[in-house]
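Reading through the structure tokens given below for one structure.
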């Protein structure tokens with residue numbers, strides 16, 4: 001399991017190679033790359049986090065996914081600092097023996113990360129800076145996993 005919070009960009013190819021290198025038991029790697037989305041008047045996003053607490057929370061989310069989906073490995077990388085539209089912000093990799101587990105775990109990981117990881121986002125626009133509030137849609141996405149019969 002690899003969990004990192006960093007300011008630097010990540011390379012998805014390097015991360016997939018790292019999670020699969022020397023392994024012949026992995027049948028699939030589910031992946032998600034989140035990007036900073038632009039809009040008229042928007043020019044950057046600043047992400048802040050609580051060092052130590054953030055990594056601990058991400059490790060808990062990853063460990064939960066490993067147990068729940070029988071994963072062979074997980075990579076979670078989240079960037080912090082100031083990012084511009086088109087920049088990568090988050091990488092989720094879930095390695096499993098079978099694709100269904102890898103893909104389901106990838107969705108689970110990003111849904112839980114969006115609601116439980118302690119990150120704070122501030123959007124910088126031509127009209128000023130605003131803190132981004134939690135969205136109901138993110139809570140609903142997480143809720144579907146809690147409604148499953150095999151929830152933690």
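Some points to look at:
- Between 0 and 90 degrees, the angle of helix 99-116 with respect to the longest Cα principal axis of the chain falls at about 40 degrees.
- Stretching residue 18 away from residue 87 to a fully extended chain increases their span by 22.7 nm, per 0.36 nm per residue minus the current alpha-carbon distance.
- Label zone of residue 146 (point 7 Å out along Cα→Cβ, amide N under 17 Å): in segment 65-94 this covers 65.
- Extension gain, residue 107-residue 50: 0.36 nm per intervening residue step, less the Cα-Cα distance, totals 18.1 nm.
- Compared with the dominant Cα axis of the chain, that is its longest principal axis, helix 53-69 is turned about 40°.
- Restricting the calculation to alpha carbons of the chain gives Rg and Dmax of 15.9, 53 angstrom.
- Extension gain for the segment residue 26 to residue 99, taken as residue separation times 0.36 nm less the Cα-Cα distance, is 25.4 nm to one decimal.
- Burial ordering of 20, 57, fewest other beta-carbon atoms within 10 Å first: 20, 57
- Nearest-ten-degree value, helix 136-146 long axis tilted from longest Cα axis of the chain: 10 degrees
- Residues in segment 32-68 that a label on residue 131 would reach, taking backbone N under 12 Å of a point 7 Å out along Cα→Cβ: 48
- Spacing of the modelled spin labels on residue 67 and residue 39, each 7 Å from Cα toward Cβ, amounts to 3.8 nm.
We did not get these values from a lab; they are worked out from the coordinates using the rules stated. No experiment lies behind these values; they were computed from the predicted model shown. Cβ: placed from backbone, ideal geometry, glycine included. Neighbour counts: every protein chain shown.
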